[in-house]
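Below: one structure, written as structure tokens.
Just so it is clear, none of the values below were taken in a lab; they were calculated from the coordinates. From a predicted model like this one, the values you see are computed outputs, not experimental measurements. Note: ideal-geometry Cβ built from the backbone for every residue, glycine included; neighbour counts use all protein chains shown.
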Ligand code: SAM
């Protein structure tokens, strides 16, 4: 049976609670009553939960049995900040596709006013990710980091398959780069199938030559999604879909 899923605000070994807006929605819109059954995400585990009590703006659940949880796609998306309505759409869809972490990045061609107001948007982006995770029955919520200048973001990603989405790249496709970096074909050696993946998507105006050089010096590989120029949000979601199709 498919049960609606909630991500608990607090929990211990045997119980979990929803508070604030989530509890209020469950109480007032879904008319919560003791005995109703849901799936409850508590930390990194998912449980079959039964409402044990409702007090004020809090719903408490007894956690009766653990349910199998599915891990996030081991992918971080460095997403250059672009128009906020499209950023929100991208965060929602990336969450549905399983992204593990999103780092909003202030690139050279990020529109100035968007870059300046990005920090004030992060809580809203986290809320969108939370709702999308719940709706898509994920067992975790992707981390949405505070916005970072591109230089900092490109430098700190450590050991991973680091792929720069670049529309002028003509030789290496995203698919090929994943196959070669993660040994996805039989008999391949010299690569590490367990490495996490990092994808960087540029702003509407694209990357500057200096940014591409910086990525290159930090070990990022430029990859293509084909000969057409995609909008940033299309590129982000297409790239995630390709990774998901190859890794899951
Ligand atoms: N420089 C461009 C221009 O103004 O003509 C377009 C930039 S595109 C709208 C925004 C971002 O999407 C790019 O920086 C890149 O990361 C990604 N992108 C778009 N099309 C792509 C493709 N065919 N292959 C790889 N990445 C692509």
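Considering only 150, 26, 18, the Gaussian network model of the chain with Cα springs below 10 Å gives its largest mean-square fluctuation to 26. Each Cα pair under 8 Å and six or more residues apart adds its separation to the average, and for the chain the resulting relative contact order is 19 percent.
The angle separating the long axis of helix 232-247 from the principal Cα axis of greatest extent in the chain is about 80 degrees. The ranking of 99, 223 by Cβ neighbour count inside 10 Å, starting from the fewest, reads 223, 99. Exposure proxy ranking for 181, 136, based on other Cβ atoms within 10 angstrom of each Cβ and starting from the fewest, stands as 136, 181. The GNM of the chain, with springs linking C-alpha atoms under 10 angstrom apart, assigns the highest mean-square fluctuation among 235, 153, 119 to 119.
Contact order for segment 96-207, expressed relative to its length and based on alpha carbon pairs under 8 Å spaced 6+ residues apart, stands at 32 percent.
As a proxy for reagent exposure, ranking 146, 216 by other Cβ atoms within 10 Å from fewest up yields 146, 216.
So in segment 5-66, what percent of DSSP beta bridges are antiparallel if you round to the nearest 5? Let's see the in-between values first.
Numbers: 21 of 24 bridges.
Among the beta bridges of segment 5-66, antiparallel pairing accounts for roughly 90 percent.
The separation of segment 70-98 from segment 109-186, counted between C-alpha centres, amounts to 7 Å.
Beta bridges per DSSP, both residues in the chain: antiparallel share near 45 percent. When the chain is treated as a GNM, springs tying every alpha-carbon pair under 10 Å, which of 154, 65, 177 comes out with the largest mean-square fluctuation? Result for the chain, Cα springs under 10 Å: 65 fluctuates most.
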